[in-house]
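**Student:** One structure follows; several queries about it will come next.
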């Protein structure tokens, strides 16, 4: 009898598949060394299609995007509202 193996990739959005996350980790590990980072980006690009590569690059930019969003006027206003509306029970 053949064992049926289910992978987590079948249940996640395509940008969270293990192939994408592995590529992100591979590049992220050398993020402080520009030369190595560029080499790894090129190596990953050789092994992924265009859509997969865009997911990798987007995930790599999330920390910068979060910083930009949290400094925005809308985020500051939201945080002020949220803090005023909180109550302790």
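**Student:** Select from segment 25-76 the residues that are outside any helix (DSSP H, G or I) and under 15 Å from the mean Cα position of the chain (by Cα) and write down the one among them that is modelled with the lowest pLDDT.
**Tutor:** 31
**Student:** Read through the list (1) under 18 Å from the mean Cα position of the chain (by Cα); (2) surrounded by fewer than 13 Cβ atoms within 10 Å (Cβ to Cβ), then give the number of the only condition that residue 83 fails.
**Tutor:** Every listed condition holds for residue 83 apart from (1).
**Student:** Residue 35 passes all but one of (1) loosely packed, with under 10 Cβ neighbours inside 10 Å; (2) touching a helix residue (DSSP H, G or I) at 6+ places or on another chain (Cβ under 8 Å); which number fails?
**Tutor:** Evaluating residue 35 over (1) loosely packed, with under 10 Cβ neighbours inside 10 Å; (2) touching a helix residue (DSSP H, G or I) at 6+ places or on another chain (Cβ under 8 Å) leaves (2) as the failure.
The values are calculated or read from the model by the stated rules, or taken from the named source; none is laboratory data. It should be emphasised that the depicted structure is a prediction, and the values quoted were computed from it without experimental measurement. All Cβ positions, even for glycine, are placed from backbone atoms using ideal geometry, and neighbour counts span all protein chains on display.
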